[in-house]
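The values are calculated or read from the model by the stated rules, or taken from the named source; none is laboratory data. Since the model is a prediction, treat every value here as computed from it, not as a measurement. For neighbour counting, all protein chains shown are included, and Cβ atoms are generated from backbone atoms with ideal geometry for every residue, glycine included.
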Amino acid sequence: MNITQKIISKHLLSGQMNVGSEVALKIDQTLTQDATGTMAYLQFEAMGVSKVKTKLSVSYVDHNTLQSGFENADDHKFLQTIAAKYGIVFSPAGNGICHQVHLERFGVCGQTLIGADSHTPTAGGLGMLAFGAGGLEVASVMAGQPFYITMPQIVKVNLKGKLKGWASSKDIILELLRLLTVKGGRGKIFEFVGDGVKSLNIPERATITNMGAELGATTSVFPSDAVTKDFLKKQNRLSSWKEISADKGAKYDDEIEIDLNQLEPLIACPHSPDNVKKVKEIKGVKVNQVCIGSCTNSSLNDMLLLGGLLKGKKINKDISLVVSPGSRQTLDMIAKDGALADIIESGARILECACGPCIGMGQSPKSEGVSIRTFNRSFKGRSGTKDAFIYLASPVVAAAAALKGEIIDPSKVFTKKPNIKIPNKFIIDDAQFQKPSAKLAKTEIIKGPNIKSLPQFGSLENSLKCTVIIKIGDNINTDDIMPAGAKVLPYRSNLEKISQFVFSAIDADFAERAKSIESGIIIGGENYGQGSSREHAALAPRFLGIRIVLVKSFARIHLANLINFGIVPLTFENAADYDLLNAGETIVFEDIKQKIKDNQSIIAKIGDKEIKVKYELTQRQKEIIFAGGMLNWVKTTLGVL
């Protein structure tokens with residue numbers, strides 16, 4: 001077997017490992033972050049379970065750390081108290097970015113992890129099988145339910161050779177994005193093998209598995225080997241290591257080969273992670289801002305490298321350079337090493353150990369500004385400035401731009417790589433982690449006034465008459481549907497308030513129009529819902545009365561989120577029929593519930609026009625939609641309803 005099959009086989013509760021069939025997996029660990037966690041824990045609380053059923057669940061505060069009002073601080077207290085009550089480890093604000101911290105302190109080779117964040121596959125760099133999911137699915141797993149996925153294809157990515165010159169692990173994943181695009185990973189798990197793997201340390205591997213999410217991949221995974229063992233030994237977690245590798249002659253559904261010897265610095269140009277070019281091809285582009293950090297490139301390795309590159313140098317006078325170390329451990333170690341002083345003395349601004357500008361939480365560029373970021377996403381407007389131009393690159397390319405004020409080949413700026421020495425032991429200080437209360441049942445859950453009760457959604461009607469509220473094109477991402485940023489995220493536990501922002505960057509009147517109509521439908525193109533796992537991109541539209549989303553194709557996590565909130569996901573049988581529909585039209589779906597139940601085809605009627613639409617739903621997914629969503633379905637399963 002290959003690595004993926006080995007891990008799945010040990011966690012398989014039902015189903016067969018046949019591509020396209022649904023499998024149920026036992027999950028060992030879960031994680032949430034505060035942008036998704038508040039809703040996830042409200043949902044978990046509603047399930048009526050006394051304690052989490054996983055081996056480990058961790059609640060991180062890393063997204064909404066900007067406390068410009070009471071909302072975020074109130075929600076942090078809610079997360080702290082609900083963690084203490086239900087047996088969850090709590091990581092407070094300032095402790096670090098969930099994926100970086102989980103890699104350092106909690107990841108276990110060969111175990112399974114789901115997280116209410118699309119970049120949870122970061123842990124695949126450690127040899128875990130880690131999936132991003134909606135908060136409701138994470139709540140369900142914490143309540144003891146399996147995690148269901150459609151068995152993906154397993155793609156062998158054979159890494160040959162060794163990175164040369166100024167090429168980095170970021171360039172490996174950018175090369176994959178260049179080759180495959182943001183749609184190229186749908187329905188696939190990428191498994192990295194080959195001699196080139198041995199030359200990559202754990203943070204470098206994690207950079208690759210982190211950005212595998214931008215391919216639309218189900219997840220990505222590396223072997224657990226001597227390099228993994230060394231990393232965990234330095235973290236004083238050797239007991240979390242076990243060797244995992246593919247058997248000789250293991251079969252794969254597809255194979256890609258990347259020659260690391262041939263790679264050179266790459267950069268993703270605006271406004272998509274797959275718009276990749278060689279850095280040396282981009283000439284004369286002046287830069288206003290450089291941001292180094294995020295869950296993709298904020299490790300100790302990245303920060304030590306940055307310190308070495310900037311040591312004794314000053315950033316360009318026209319540049320604002322901000323740096324976000326990924327964890328308190330990393331910040332502590334670069335402070336003691338001296339690299340932090342080198343970064344500060346260059347003119348950089350040091351942000352706290354959090355997501356920050358990656359999710360639009362501060363540091364928005366100026367109007368029409370150019371920002372080079374070591375992040376994972378460059379969707380238009382995600383930075384908080386609609387007309388900004390966001391480029392994605394490695395810390396080396398970002399540092400070169402910060403020094404020269406323009407996008408430039410790092411070989412034109414640096415003569416040799418700094419001699420980075422990783423200590424034999426990391427600084428271990430877990431004092432900030434808060435373990436669950438010994439008296440779970442007596443712990444009081446504190447809810448601020450911004451935390452509202454969950455809505456009750458009814459079951460699916462047999463027939464639906466829907467108005468087209470909006471028609472959009474291809475690659476609509478969850479930032480388009482439900483924006484992040486400092487203005488929106490504080491309302492993540494207030495569904496009525498946050499629903500006002502649905503599609504606000506595309507159509508400011510969407511929410512009001514949707515609320516005025518009894519049942520709505522969204523029409524879209526290819527890869528609808530790419531990007532973040534945020535379930536609010538499905539939950540808020542459902543709150544506004546959206547009952548059906550009809551598109552050419554869906555991104556994996558968003559498709560699951562639509563189902564989980566009782567929205568019927570349909571695709572065109574003939575993609576050309578997309579052109580026949582317009583906003584404002586009424587579409588009738590007669591006997592839709594019965595037809596789905598009986599596996600019959602569905603006809604959408606628009607006046608005297610008829611078009612064929614299709615669905616791909618398992619029996620379990622049908623039951624969830626019929627029940628009005630996963631919360632109703634799980635509560636019935638657990639005997640709460």
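Restricting attention to region 372-415, the residues being under 22 Å from Gln530 (Cα atoms), of a type in the set (S, T, N, Q) and more than 19 Å from the chain's Cα centre (by Cα) number 1.
Taking the criterion of being without any contact (Cβ under 8 Å) to a residue 40 or more places away in the chain and either in the same structural domain as Gly531 (by TED's automatic domain parsing) or crowded, with 24+ Cβ neighbours inside 10 Å (or both), would at least one residue in region 174-189 satisfy it? Yes, that holds for at least one residue. Regarding Ile97, is this residue under 29 Å from Lys439 (Cα atoms) and within 20 Å of the chain's Cα centre (by Cα)? Against the criterion (under 29 Å from Lys439 (Cα atoms) and within 20 Å of the chain's Cα centre (by Cα)), Ile97 qualifies.
When Lys404 is tested against (1) under 22 Å from Pro265 (Cβ atoms); (2) modelled with pLDDT of 95 or more; (3) crowded, with 20+ Cβ neighbours inside 10 Å, only condition (3) is not met.
With region 478-520 as the region, which helices (runs of 4 or more DSSP H) entirely inside it contain at least 1 residues that are in contact (Cβ under 8 Å) with a residue 40 or more places away in the chain and within 21 Å of Ile557 (Cα to Cα)? Give the steps one after another, and end with the answer.
Numbers: elements: 478-481, 495-498, 510-515.
Correct list: 478-481, 495-498.
Set side by side, the residues Val634, Val588, Val549 differ, and just one is surrounded by 23 or more Cβ atoms within 10 Å (Cβ to Cβ) and under 16 Å from Ile523 (Cβ atoms), which is Val549.
Each residue in region 241-255 was checked for being buried (at least 17 other Cβ atoms within 10 Å of the Cβ) and part of a strand (DSSP E or B), and 1 of them qualify.
Considering only residues in region 1-43 that are touching a residue at least 12 places away in the same chain (Cβ under 8 Å) and of a type in the set (Ser, Thr, Tyr), the one that is nearest to Asn561 (Cα to Cα) turns out to be Thr36. Of the residues making up region 212-239, those that are polar (S, T, N, Q) and within 24 Å of the chain's Cα centre (by Cα) are Thr218, Thr219, Ser220, Ser224, Thr228. Just one residue in the set Ala348, Ala341, Ala335 is crowded, with 17+ Cβ neighbours inside 10 Å and modelled with pLDDT of 95 or more; that residue is Ala348. Looking across Cys291, Cys295, one residue alone is hydrophobic (A, V, I, L, M, F, W, C), assigned to a loop (DSSP other than H, G, I, E, B) and under 19 Å from Cys358 (Cβ atoms). It is Cys295. Lys6 meets all of the listed conditions (1) closer than 14 Å to Met128 by Cβ; (2) more than 21 Å from the chain's Cα centre (by Cα); (3) assigned to a loop (DSSP other than H, G, I, E, B) but one, namely (3). Scanning region 50-73 for residues that are at pLDDT below 95 and crowded, with 18+ Cβ neighbours inside 10 Å yields a total of 5. Restricting attention to region 413-470 and to residues that are modelled with pLDDT under 90 and hydroxyl-bearing (Ser, Thr, Tyr), the residue that is farthest from Phe565 (Cα to Cα) turns out to be Ser437.
When you scan region 376-391, how many residues do you find that are of a type in the set (Ser, Thr, Tyr), surrounded by 24 or more Cβ atoms within 10 Å (Cβ to Cβ) and more than 9 Å from Gly360 (Cα to Cα)?
Residues of region 376-391 of a type in the set (Ser, Thr, Tyr): 378, 383, 385, 391.
After this cut, where a residue has to be surrounded by 24 or more Cβ atoms within 10 Å (Cβ to Cβ) as well, the list is 383, 391.
Still in the running and more than 9 Å from Gly360 (Cα to Cα): 391.
Number satisfying all stated conditions: 1.
Residue-wise test of (1) closer than 30 Å to Gly48 by Cβ; (2) among the aliphatic types (A, V, I, L, M).
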{"site": "Lys597", "(1), (2)": "yes, no"}
{"site": "Ser601", "(1), (2)": "no, no"}
{"site": "Lys612", "(1), (2)": "no, no"}
{"site": "Gly629", "(1), (2)": "yes, no"}
{"site": "Val634", "(1), (2)": "yes, yes"}
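Note on region 369-403: residues that are farther than 16 Å from Gly284 by Cα and in a loop (DSSP other than H, G, I, E, B) amount to 17.
Condition first: of a type in the set (Gly, Ala, Ser) and part of a helix (DSSP H, G or I). Now tell me which residues in region 173-208 satisfy that.
Here is the first cut: in region 173-208, the ones of a type in the set (Gly, Ala, Ser) are 184-185, 187, 194, 196, 199, 206.
Listed by number, the residues that qualify are Gly196, Ser199, Ala206.
Filtering region 263-297 to residues that are in contact (Cβ under 8 Å) with a residue 24 or more places away in the chain and either of a type in the set (Asp, Glu) or under 25 Å from Ile154 (Cβ atoms) (or both) leaves Leu263, Glu264, Pro273, Asp274, Val276, Cys295, Thr296. Answer with yes or no whether Gln363 is farther than 17 Å from Ser168 by Cβ, part of a helix (DSSP H, G or I) and within 27 Å of the chain's Cα centre (by Cα). Judged against the criteria, Gln363 is not a match.
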